[in-house]
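Below is one structure, written out as structure tokens; the observations come after it.
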């Protein structure tokens, strides 16, 4: 019972801390987006971006969500979606395509700095993430359209009430926005609880052990494979941080570090991030299975190219770190 209370307190403390940090970003984003909607700015931006978004079969307004994702992250992008959902009729197909693109390329200014600290070229790793975003978006659109799947309205858990007629007052908007923010908090608490339970029950360790052989087949060494799996399951910050620490100890092979980080870049935080996108209306088959398959398909040829590559060329992709004691 004491352990249960301690766990509940830990989850509550962490949830409030993370949520407060997010609120300081999300609320300003929501206000700016709502202002842009009311003054026709979103419509203008949509006209500019329409040709690009049409490649993926997405509404022009989705570009605002995508840009927010790339620059700031998934939760602020969810806030933008929350503001746009009453105005734009997003389908499950739209959110599956857009959601997968968001998973491949989110909060790049922050995450790519972590990648750089491991020695991997920030230019190459960023290019790979953006390329994966475009490839996934196009392929998912083509496959979903040809099969005729997910044509119904997206089940967006954080969507605001769109039943009112005419323009909504700022007060009404504020009240409905609080409802959406409350749902984000519920999702966040659920995610943190899930991650804790996976850790406590040992499921996380078992998944890492189960999937590590796959990474070894790709060319990620036995020492780096478990670290890469941590990043894939729990996030780039976790996996990247562990790899940075081991790189400083000079325990890992440079090419193994490189492949690990490229894999983590494309497929990190499979649990948390996937659930966020499902809450935004994406279908699990696309945002989880599709993402994992494309990650493997992209990493395999990179591994085949890297393994025989001479150091004089490899140095442009990876800067070899010296041990901290050197």
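Quick notes on this structure:
- Selection from region 105-163 of residues that are surrounded by fewer than 17 Cβ atoms within 10 Å (Cβ to Cβ) and under 17 Å from the mean Cα position of the chain (by Cα): 109, 110, 113, 127, 130, 131, 134, 135
- Out of 126, 145, sole residue that is in a helix (DSSP H, G or I), modelled with pLDDT of 85 or more and within 24 Å of residue 284 (Cα to Cα): 145
- Residues considered: 275, 264. Of these, the only one that is under 20 Å from residue 222 (Cβ atoms) and in a helix (DSSP H, G or I) is 264.
- Candidates 252, 259, filtered to the one that is touching a helix residue (DSSP H, G or I) at 6+ places or on another chain (Cβ under 9 Å), buried (at least 17 other Cβ atoms within 10 Å of the Cβ) and in a helix (DSSP H, G or I): 259
- For region 97-106, the count of residues that are in contact with a strand residue (DSSP E or B) (Cβ under 8 Å, 6 or more places away or on another chain) and under 26 Å from residue 27 (Cα atoms) is zero.
- Of residues in region 197-240 being touching a residue at least 40 places away in the same chain (Cβ under 8 Å) and under 16 Å from residue 254 (Cα atoms), the one farthest from the chain's Cα centre (by Cα): 219
- Pairs where the first residue, in region 130-144, is without any contact (Cβ under 8 Å) to a residue 40 or more places away in the chain and the second is surrounded by 15 or more Cβ atoms within 10 Å (Cβ to Cβ) and assigned to a helix (DSSP H, G or I), C-beta under 6 Å, 6+ apart: 133/101; 133/104
- The selection criterion, being surrounded by 14 or more Cβ atoms within 10 Å (Cβ to Cβ), outside any helix (DSSP H, G or I) and at pLDDT 90 or above, holds for residue 282.
- Subset tally (residues that are more than 20 Å from the chain's Cα centre (by Cα) and either at pLDDT below 85 or in a helix (DSSP H, G or I) (or both)) for region 35-82: 19
- Residue under evaluation residue 188, criteria (1) more than 25 Å from residue 157 (Cβ to Cβ); (2) surrounded by 14 or more Cβ atoms within 10 Å (Cβ to Cβ), criterion not met: (1)
- Region 100-119 residues that are within 17 Å of residue 239 (Cβ to Cβ), paired with ones that are at pLDDT 90 or above and surrounded by fewer than 18 Cβ atoms within 10 Å (Cβ to Cβ) (beta carbon under 6 Å, 6 or more apart): 112/122; 116/122
- Region 34-67: number of residues that are within 27 Å of residue 138 (Cα to Cα), surrounded by fewer than 17 Cβ atoms within 10 Å (Cβ to Cβ) and touching a residue at least 40 places away in the same chain (Cβ under 8 Å): 1
- Evaluated against (1) part of a helix (DSSP H, G or I); (2) surrounded by fewer than 20 Cβ atoms within 10 Å (Cβ to Cβ); (3) at pLDDT 90 or above, residue 31 falls short on exactly one condition, (3).
The values are calculated or read from the model by the stated rules, or taken from the named source; none is laboratory data. Here the structure is a predicted model, which means the values were calculated and not measured. Neighbour counts are summed over all protein chains in view; Cβ atoms, including those assigned to glycine, are modelled from backbone coordinates with ideal geometry.
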